[in-house]
Amino acid sequence: MIMTEEDIEFLLKNKKWISVYPTRDGVWKAYIYNKSKKNTWIIESSIKRKSPKECYDWIENKFLKLSEIN
């Protein structure tokens, strides 16, 4: 997945950031961060999946819910 400028703007506007990476044990971790009032990034949600696609699908579903609220 390649983030576009629009993706980055959406995340920052909503004080969010994402991270997906492989672990040594063969699973992938996905994190959604929230920017706090103290200007630090705090883990809001995380999950482990078998593939990066599964992680990005999970993130996409979380952000679809966010965009429906906004």
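The values are calculated or read from the model by the stated rules, or taken from the named source; none is laboratory data. Bear in mind that the values here come from a model prediction, so they are computed numbers and not experimental data. All Cβ positions, even for glycine, are placed from backbone atoms using ideal geometry, and neighbour counts span all protein chains on display. For the accessible areas, the whole protein counts, side chains as well, though only heavy atoms, and no ligand, DNA or RNA atoms are used. Shrake-Rupley method; radii C 1.70, N 1.55, O 1.52, S 1.80 Å.
Here are some notes:
- The chain: calculated mean residue ellipticity at 222 nm from DSSP helix runs of at least 4, using -39500 (n - 2.57): -12500 deg cm²/dmol
- In degrees, nearest ten, helix 52-69 long axis to first principal axis of the chain (Cα): 20
- Loop-resident sites, the stretch 9-41, for trypsin sites (Lys or Arg not before Pro), counting at most 11 other Cβ within 10 Å (DSSP): ARG24, LYS37, LYS38
- For the chain, radius of gyration divided by Kirkwood radius, i.e. Rg to Rh on alpha-carbons: 0.98
- Heavy-atom surface of the stretch 1-66, accessible at 1.4 Å and reported per residue (Å²): 76
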